[in-house]
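The values are calculated or read from the model by the stated rules, or taken from the named source; none is laboratory data. Owing to the predicted nature of the structure, the values given are computational and were not obtained by experimental measurement. Here the Cβ positions follow ideal geometry from the backbone for every residue, glycine too, while neighbour counts run over all protein chains shown. Accessible surface areas use protein heavy atoms only, side chains included; no ligands, DNA or RNA. Shrake-Rupley method; radii C 1.70, N 1.55, O 1.52, S 1.80 Å.
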Amino acid sequence: MNQRRDDGRPSRPHRPASMMRRFLDSEAAGGILLMAVTVLALICANSPLSRAYFDALGTYVLGLSVLHWINDALMALFFLLVGLEIKREFLDGQLSTWPRRVLPGIAALGGMVVPALVYVAVTWKEPALLRGWAIPAATDIAFALGVLAVLGSRIPPSLKIFLTALAILDDLGAIIIIALFYTSDLSLPMLAAAFGCIAVLIACNRFGVRSLVPYLLIGALLWFFVLKSGIHATLAGVVLALTIPLDPNPKATRAETSPLHRLEHGLHGWVAFAIIPIFGFANAGVSFAGFTPSALLAPLPMGIALGLLIGKQVGVFGFSMLAFRFGLADVPAGATRLQCYGVALLCGIGFTMSLFIGALAFPDSPALNDATKIGVLAGSILSALAGLAILRFAPREALPARGGQHVVDRHVAR
């Protein structure tokens, strides 16, 4: 039944559109915080605090180093949130219909394929480095939305939603890449136990269990078994997310009462303002002792930096232009092609997921890890600055859509 607004007129029940607004706001604020802790990590790694910083990350607690607890346990909660967002967007949000999926899907595909090709083109002479091909294929949604937040109302909401949808599909691609290409030797007994947990989670969903407690308890067991199985433990968070019920209670007046929405809302603040900043602080610190500008010209950092800066913009914008050219999608409402190009540049901010994949690609080489961080930082910073400059000065007039009609009225673009 429709609710009544303050003016007495009926209104529809509150649906995920407001959730998208809260999501954008929290991710943007989290991105700004992530920028701050990145600078703090670099200061710690290049100051008298350096020894304490690296020793603390290497301290072992319950069989794992602090850095491993952050990357394997805390980041499992990040991937749980990513999985919840993917499921919600596909079933009840911005990606719930094929027309809505077309443009971000095509752009995300280009944004993964072309950066990987650029990386391989730079590093192909050193086969040991080819394992890092996926590092520049990821987009950091928090960082990118943090940059967009600086621009305020100059950016039409449709572009922010486009970037969010693109990054969500990008995350889905990264999850598949991690599962397929960054799995170590498998333990069949632990893998069987993990599948047993998944079967119980699916049964809970099928039998209509709406309390989150059973899902979270079984999810904790699932994380342990996945950790011991040889598959990266963070993927347990994604699998758990896909089993959380989404359908709203038909007797409720708000869609957000479903278990998935409750868990998503409960995690957002912790992930945006605690888990991701902790991850950034732990992984962004790289010592520049003995560093020379020529180090950026080494194949690994150069491949990553060019993949993010060049590959991302060419992939995202080029594939988007092909979609526009062949009539597969329209320019986002109220946006110009130049603004779309600015957003494509921001997709080169690969910070969180790129660092994460880099740690998986070169787990036993501190030197390659440092080179990865340098490449990710260089590519991400240059992409952010370039995208910010383009979007700051890009005209905001809406372009005509197919058939000569404007995509949106001009007042929307303002």
Q) Cα to Cα, under 18 Å, and not fewer than 8 places away if on the same chain: which lysines meet these conditions relative to K160? A) K312
**Q.** Residue-span extension gain [R51 to A389] - 0.36 nm each, minus C-alpha spacing
**A.** 117.9 nm
Q.
If you average 1/r across every pair of different Cα atoms in the chain and take the reciprocal, what Kirkwood value do you get, in Å?
A. 22.2
Q) If you roll a 1.4 Å probe over the heavy atoms of the protein chains, what accessible area per residue do you get for the chain, in Å²? A) 45
Q.
Can you give me the % of accessible surface on the chain that is carbon or sulfur? Probe 1.4 Å, all protein chains present, nothing else counted.
A. 69
**Q.** Area of C340 that stays accessible when all protein chains are in place (1.4 Å probe, Å², to 10)
**A.** 10
Q.
How big is the dipole moment of the stretch 190-292 about its Cα centre under a simple scheme where the beta carbon of each Lys and Arg is +1, that of each Asp and Glu is -1, and everything else is neutral? Debye, nearest 20, please.
A. 220
Q: Work out which chymotrypsin sites (Phe, Trp or Tyr not before Pro) in the chain are exposed loop sites (DSSP not H, G, I, E or B, at most 16 other Cβ within 10 Å) and give the longest gap free of them.
A: 1-123
Q: Pick out, from C197, A378, G266, the residue whose Cα sits farthest towards the positive end of the charge dipole of the chain, with +1 on the Cβ of Lys and Arg and -1 on the Cβ of Asp and Glu.
A: G266
Q.
What does the charge count around M321 come to, taking other residues whose C-beta lies under 13 Å from its C-beta (Lys +1, Arg +1, Asp -1, Glu -1)?
A. +1
Q: Assign unit charges at the C-beta atoms only (+1 for Lys and Arg, -1 for Asp and Glu), then state the dipole size of the chain relative to its Cα centre in Debye, rounded to the nearest 20.
A: 1260
Q) For the chain, what's the relative contact order in percent, using C-alpha pairs closer than 8 Å and at least 6 residues apart? A) 27
Q: Find which of A29, A121, G350 sits farthest along the positive direction of the dipole of the chain, computed with +1 on the beta-carbon of Lys and Arg, -1 on that of Asp and Glu, about the Cα centre.
A: A29
Q. Using a simple spin-label model with points 7 Å from Cα along the Cα→Cβ vector, what separation in nm is obtained for H265 and T59?
A. 3.7
(Q) Not counting ligands, DNA or RNA, and with a 1.4 Å probe, what is D140's accessible surface area in Å² rounded to the nearest 10? (A) 10
